[in-house]
Structure formats: structure tokens, C-alpha cells
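Structure first, then comments.
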Amino acid sequence: SQQGEEDPQALSIQEGENATMNCSYKTSINNLQWYRQNSGRGLVHLILIRSNEREKHSGRLRVTLDTSKKSSSLLITASRAADTASYFCATHNFNKFYFGSGTKLNVKP
Amino acid sequence: GAVVSQHPSWVICKSGTSVKIECRSLDFQATTMFWYRQFPKQSLMLMATSNEGSKATYEQGVEKDKFLINHASLTLSTLTVTSAHPEDSSFYICSARITDRAKNIQYFGAGTRLSVL
């Protein structure tokens with residue numbers, strides 16, 4: 001990808017379980033954002049974490065950022081079947097956004 | 001919330017024809033819009049940054065004569081794929097950033113699936 005990698009590439013869990021996906025990036029950033037994409041659709045913004053923040057919460061989402069390791073993680077707690085989608089991290093730097101390779105999450109009912 | 005409309009959602013065309021894709025910000029002004037390309041099961045690749053009233057900035061490896069971008073107003077950017085060929089078949093997605101720079105969040109269109117026969 002233009003910016004970094006995400007792992008795992010694919011994740012399959014049962015409804016109610018937690019899902020954790022990780023993102024690594026290459027350059028310095030202003031902020032890092034997580035997006036969700038349903039199959040064949042555009043992206044929906046989930047959460048933004050600034051470079052001077054270490055953790056952020058939004059509903060069932062928890063994002064961490066470690067700028068020393070150039071990595072971030074997204075935790076979805078108590079997953080639902082409707083959470084099935086691809087999740088991308090995106091870094092913002094110098095007025096551009098670059099996306100990670102994405103994690104395809106499948107939540108089985 | 002901010003809404004970005006992208007049209008058409010799906011287009012099939014013959015090889016050699018040109019295809020225009022529109023991206024509109026419906027309830028906000030966007031001085032900057034972005035065009036991405038996404039291959040199946042892959043991430044979004046930034047193609048170009050569209051700036052209202054000025055020339056687009058293309059990423060390395062993207063042919064500006066092949067992918068013409070026009071951003072004539074604060075709510076509309078267009079991407080024209082000229083002389084399309086089968087290898088141009090892909091999913092194209094636009095996004096717009098709210099002019100308030102404190103809100104560095106992109107709002108995405110639903111994407112356009114281009115199939116070139």
C-alpha cells in the first residue's frame with residue numbers, strides 16, 4: 001500500500017467476541033483515522049486519533065496509537081454481525097491521506 | 001452529517017471511449033477533493049488531489065492525460081477516464097474534505113465501478 005500494512009488481513013469471529021486489528025505506517029503523521037467499508041461501497045469514517053493522543057474511545061470502538069512504533073490498533077468490543085466489513089486505517093500528513101491494506105472482518109451470528 | 005454524492009455508481013463502456021465520474025459535496029463546501037482507485041480486495045490508492053480553481057496534483061505513476069480532473073466549483077469535482085481500456089476497469093472512489101482544516105476528516109462517495117469491455 002502507499003502507507004502501511006494492516007494485520008490480520010482477514011479475521012473471523014463469533015458475534016459477541018472482541019475484534020482487534022492492527023495498523024503500521026511508515027512516515028510521521030498529523031493524525032490517524034479508521035474507516036469502515038462495506039463490500040462495494042464507499043468508506044465511512046469511524047474515529048480519529050491525533051498524533052499527541054495515545055488512546056481514544058467511541059462507543060464500542062477503542063483506538064490506540066504508538067507513534068514510537070508507528071502503529072495503531074482498533075478494538076471493536078461485543079461485535080455484531082453488522083460489523084462485518086473491511087476496516088482501513090488512514091494516515092494524514094501534508095494534506096494527503098494514505099490507507100493501509102485493510103482487515104476484512106467477518107462476524108458470524 | 002456531511003454527504004458526498006458520486007455518480008454514476010456503475011458504468012460499462014467500450015474500449016476507447018471516455019467516461020466521466022462526478023463527485024459532489026451536497027451540504028458543505030470542499031476546496032479539496034481526492035480521487036482513489038481500488039482493485040478487488042485491495043486498499044485505496046490515492047490517484048490525485050483535486051483543488052478547486054487550480055490544477056490537480058497527481059500521485060507518482062498516475063497519468064494526468066489519462067485521468068483528467070476538473071474541480072470547477074466548491075461542490076463538484078469530475079474525473080474523466082479518457083480512451084478507457086480494460087486495464088482501467090476498477091472501483092473509483094472520491095472523497096471531500098471539509099474546508100475547516102481542524103476537521104481533517106474525509107467524507108467518501110459510494111464509489112463508481114467501471115467496467116471496460
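The values are calculated or read from the model by the stated rules, or taken from the named source; none is laboratory data. This is a predicted model, so every value here is computed, not measured. Glycine also receives a Cβ, built like all others from the backbone with ideal geometry; neighbour counts cover every protein chain displayed. SASA here: full protein model, heavy atoms, side chains in, ligands and nucleic acids out. Shrake-Rupley method; radii C 1.70, N 1.55, O 1.52, S 1.80 Å.
Data overview
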quantity	calculated
Hits in region A:20-57 - residues which are surrounded by fewer than 19 Cβ atoms within 10 Å (Cβ to Cβ), among the β-branched types (Val, Ile, Thr), part of a strand (DSSP E or B) and touching a residue at least 12 places away in the same chain (Cβ under 8 Å)	A:Thr20, A:Ile47
Residue within region B:70-87 that is of a type outside the set (Phe, Trp, Tyr) and within 12 Å of another protein chain (Cβ to nearest Cβ) present	no
Breaking point among (1) within 18 Å of B:Asp88 (Cβ to Cβ); (2) in contact with a Cys (Cβ under 8 Å, 6 or more places away or on another chain), for B:Tyr58	(2)
From B:Phe39, B:Phe28, B:Phe34, residue being touching a residue at least 24 places away in the same chain (Cβ under 8 Å) and within 19 Å of A:Asn38 (Cβ to Cβ)	B:Phe39
Subset tally (residues that are closer than 20 Å to B:Tyr107 by Cβ and either more than 13 Å from chain A (Cβ to nearest Cβ) or at pLDDT 90 or above (or both)) for region B:51-69	4
Considering residues of region A:94-109 that are open to solvent by less than 50 Å² (accessible area, probe 1.4 Å) and over 16 Å from B:Tyr58 (Cα atoms) only, the residue farthest from the other protein chains (Cβ to nearest Cβ)	A:Val107
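Matching residues to (1) buried (at least 17 other Cβ atoms within 10 Å of the Cβ); (2) more than 14 Å from chain B (Cβ to nearest Cβ); (3) part of a strand (DSSP E or B); (4) touching a Lys or Arg at 6+ places or on another chain (Cβ under 9 Å):
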residue	(1), (2), (3), (4)
A:Arg62	yes, yes, yes, yes
A:Ser68	no, yes, no, no
A:Ala82	no, yes, no, no
A:Phe88	yes, no, yes, yes
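Here is a yes/no grid of residues against (1) exposed (fewer than 13 other Cβ atoms within 10 Å of the Cβ); (2) closer than 26 Å to A:Tyr87 by Cβ:
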residue: B:Ser5; (1), (2): no, yes
residue: B:Lys20; (1), (2): no, no
residue: B:Ser25; (1), (2): no, yes
residue: B:Gln38; (1), (2): no, yes
residue: B:Lys41; (1), (2): yes, yes
residue: B:Leu46; (1), (2): no, yes
residue: B:Glu63; (1), (2): yes, no
residue: B:Leu68; (1), (2): no, no
residue: B:Ala72; (1), (2): yes, no
